[in-house]
Every structure is written in C-alpha cells, then in structure tokens.
Amino acid sequence: MSADILDGKAFAATIRARVAGHVTRLKDSHGITPGLAVVLVGEDPASEVYVRNKGIATVETGMNSFEHKLPAETPEADLYALIDRLNADPAVHGILVQFPVPAHLSERDIVARIAPEKDVDGLSVINAGLLASGQNAMASCTPLGCLMLLRETLGDLTGKDAVVIGRSNLVGKPMAQLLLRDSCTVTIAHSRTKDLAETVRRADIVVAAVGRAQMVPGDWIKPGACVIDVGINRIPAPEKGEGKTRLVGDVDFASAREVAGHITPVPGGVGPLTIACLLANTVTACCRIHGLDEPEGLTA
Ligand SMILES: Nc1nc2c(c(=O)[nH]1)N[C@@H](CN(C=O)c1ccc(C(=O)N[C@@H](CCC(=O)O)C(=O)O)cc1)CN2
Ligand SMILES: [Mg+2]
C-alpha cells in the first residue's frame, strides 16, 4: 500500500479562497475590512520570512495588514504599549506577536496582554479554556488547519481513534480538544508515554507534533491510518553537498507512506495551513467583534 499524499499547499489555497469570499461579503454588505496586526520583535531570519508571508497573504485575501517591526532590545513596557494600542484600534481585528521572542520577553505574558477576542493565534488562557469547555473559542492556527484537512480527507471523524503525540499549548493540547469536539476517542501521548509504539498502532488518526526528527517509524502506523505530521525539523543532508540541510517531519515519511492510507509531507503538508488558518481566524474575529454570523467553513 502506498498512502495518498495530502497536498497542504493546495488545501491552504482552498482555505484562502474561502477567506477571500467572506472578506468580499464583509466589505460589500457591511462596509467592514478585516485587519490583522503582526508584531515582530528582533531579526530572526525565519520569523522575518513568516511575517512577510503573513502580510502578503493578508493583503491578497483583501484584508488590511499592519506590520510592526521592533528592535530586539525593545523593553517589555514598549511592546505592551503597542499591544494596548492595537487592542483599542477598531481597524485591527486580529493581533499576533511572532514567536520566538527575545529572551527578556515572556511569550506567556505577551499572549495574556492581547485582547482575547483579537487573539488570532488562539493562545490565551481564555481561548484555551473556551476550547476545552466546548464554547466559541479562537482555535490555534496549526491545529485548526489539521482539523480542516482531516475533515476534508476523512469526512465525519466520529468514533475514530486519534493519537496526538505532543502536549504543547500551541499544537498538542488544542489539537486534542478539537478532535474531541469532533467526537474522536483521543489519546495525548508524549515523549514519556510508556509504550508509544503500541499506543500509536491503535490510531486511525495520528497527529505527530513532538518536535523530534523522524521519530515515528512506519511500523508504528496502523495500516490505512491518516498521518498528520506537524514537525518541521532541519537535519543534515550530505547528499545535497557539504553543510547542506533539509526539512523533515516527526514521522519517517519513507516508511510511513508504505503503511498509511493518507499522509502529509514535510514541507508542503501542514505548514502552509498555519498561515491560511491565521487569515481564517482574523475573519472569524472580525465577525465576532461586529456581532455577525460565524463565517462558514472557517471555524472549528
Ligand atoms: N505567533 C506565532 N509564532 C509562531 C507560529 C505561530 O503559529 N504563531 N508558528 C511558527 C512559525 N510559522 C508561523 O508563524 C510558520 C511555520 C512554518 C510554516 C510553513 O509553511 N512551513 C513550510 C516549510 C517552510 C520552509 O521551507 O522553511 C512547510 O512546512 O511546508 C508556516 C508558518 C513559529 N512561530
Ligand atoms: Mg515558542
């Protein structure tokens, strides 16, 4: 058996098209243009690329993009003053601070400073709590993208055994909550899980988000399972030349694709869904702030 390889780039384009449709309706029917503010502190090269791509995607879907680049040594008080201004700005419906931030800043405190209704990363304790109690939360972007892809691929997820490997606040925990909301039987596994191989072998759905290159081999996968690989790990690639590297996921793609029914590649799988779902969350935030109906096809 060779798995169906899920094309995250193509699915991200579908989500962006849905976003653009909702943006047009918001403009035409209500005179509202959703706005996303992205804050970058420092000069991490990968973060600069992500922030640039977020800005481009925001404008391409018809929304307003507000980019704020601050020096690495920005004092906490100055960053909080900016967040307070964005919280109060009616043109801004979504706010995110790009991570990682310099060591003198606290990601947890930054997220807590963002108004929960504008927290389009879905990272605040308010949004985590709303999600866990089955209420209208802002779900964090990568897990939301994974859920949309799973629904698109498998249809109704009711009763499926899902194993999420990883327990981070950004991916593992919200992913588990979203799968539970879709009536999966969910196990959260992690690096300390006693018999990880046996746990994963039970799963119809495997979401690997543990941050260890190629940790999940094909012989852990139940034949026909749907494998979602959230890992983005850079490893040496001597075959490409001295000092070269390549990206791999948390799953050993070559062996897993021989067993799985569906599998996401790295790159080109889950990664592109993150920014698409950020745009989706910005439209959702805009609709909620203005008391309008939830945008169809963009929420959990
Ligand atoms: N505030 C946030 N910070 C960070 C988040 C986040 O969701 N919110 N996630 C990551 C970075 N990130 C978006 O911010 C992001 C990472 C990766 C991709 C992506 O498309 N990856 C590609 C491969 C890219 C490459 O070649 O290097 C893929 O997987 O195909 C998009 C967005 C950390 N910070
Ligand atoms: Mg971090």
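List of remarks:
- Just one of the listed residues (Leu144, Leu154) is over 21 Å from Pro295 (Cβ atoms) and either surrounded by 19 or more Cβ atoms within 10 Å (Cβ to Cβ) or away from ligand 2 (no atom under 16 Å from the Cβ) (or both), namely Leu154.
- Lone unmet requirement of (1) open to solvent by 60 Å² or more (accessible area, probe 1.4 Å); (2) away from ligand 1 (no atom under 16 Å from the Cβ); (3) not in a loop (DSSP other than H, G, I, E, B) for Asn136: (3)
- Being open to solvent by 10 Å² or more (accessible area, probe 1.4 Å), in the same structural domain as Pro174 (by TED's automatic domain parsing) and hydroxyl-bearing (Ser, Thr, Tyr) is a description that does not apply to Thr299.
Every residue, every condition in (1) within 23 Å of Ala137 (Cα to Cα); (2) touching a Cys at 6+ places or on another chain (Cβ under 9 Å); (3) open to solvent by 20 Å² or more (accessible area, probe 1.4 Å); (4) within 12 Å of ligand 1 (Cβ to nearest atom), yes or no:
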| site | (1), (2), (3), (4) |
| --- | --- |
| Asp219 | no, no, yes, no |
| Ala237 | no, no, no, no |
| Thr245 | no, no, yes, yes |
| Val251 | no, no, no, no |
| Thr264 | no, yes, no, yes |
| Leu273 | yes, yes, no, yes |
| Ile289 | yes, no, yes, no |
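- Of the residues making up region 170-188, those that are within 12 Å of Val210 (Cα to Cα) and within 16 Å of ligand 2 (Cβ to nearest atom) are Leu170, Val171, Gly172, Lys173.
- Residue check, Ile126 open to solvent by 60 Å² or more (accessible area, probe 1.4 Å), out of contact with any Asp or Glu (no Cβ under 6 Å at 6 or more places or on another chain) and assigned to a strand (DSSP E or B): no
- All positions within region 2-17 that are open to solvent by 40 Å² or more (accessible area, probe 1.4 Å) and of a type outside the set (Ser, Thr, Tyr): Asp4, Ile5, Asp7, Lys9, Ala10, Ala13, Arg16, Ala17
- Residue, farthest from Val49 (Cα to Cα), within region 87-112, restricted to residues that are within 13 Å of ligand 1 (Cβ to nearest atom) and open to solvent by 40 Å² or more (accessible area, probe 1.4 Å): Arg108
- Residue list for region 86-112, restricted to those being over 25 Å from Val210 (Cα atoms) and either within 16 Å of ligand 2 (Cβ to nearest atom) or not in a helix (DSSP H, G or I) (or both): Asp89, Pro90, Ala91, Val92, His93, Gly94, Ile95, His104
- Hits in region 30-54 - residues which are in a helix (DSSP H, G or I) and in contact with a Pro (Cβ under 9 Å, 6 or more places away or on another chain): Ser47
- Test for Ile235: is it of a type in the set (Val, Ile, Thr) and in contact with a helix residue (DSSP H, G or I) (Cβ under 6 Å, 6 or more places away or on another chain): no
- Qualifying positions in region 157-168 - more than 16 Å from ligand 2 (Cβ to nearest atom) and either within 21 Å of the chain's Cα centre (by Cα) or surrounded by 14 or more Cβ atoms within 10 Å (Cβ to Cβ) (or both): Leu157, Lys160, Asp161, Ala162, Val163, Val164, Ile165
- Region 169-181, residues that are open to solvent by less than 50 Å² (accessible area, probe 1.4 Å) and free of Cβ contacts under 8 Å to residues at least 60 places away in the same chain: Val171, Gly172, Pro174, Met175, Ala176, Leu179
- Out of His30, His22, sole residue that is surrounded by fewer than 17 Cβ atoms within 10 Å (Cβ to Cβ), more than 16 Å from the chain's Cα centre (by Cα) and in contact (Cβ under 8 Å) with a residue 60 or more places away in the chain: His30
- Qualifying residue in region 182-202 (condition: touching a Leu at 6+ places or on another chain (Cβ under 8 Å) and either within 16 Å of ligand 1 (Cβ to nearest atom) or open to solvent by 50 Å² or more (accessible area, probe 1.4 Å) (or both)): yes
The values are calculated or read from the model by the stated rules, or taken from the named source; none is laboratory data. Note that the coordinates shown come from a computational prediction; the quantities given were computed from them, not determined experimentally. FYI the Cβ positions are ideal-geometry reconstructions off the backbone, even for glycines, and counts take in every protein chain you see. Each accessible area value is taken on the protein alone, full model and side chains, heavy atoms only, with ligands, DNA and RNA left out. Shrake-Rupley method; radii C 1.70, N 1.55, O 1.52, S 1.80 Å.
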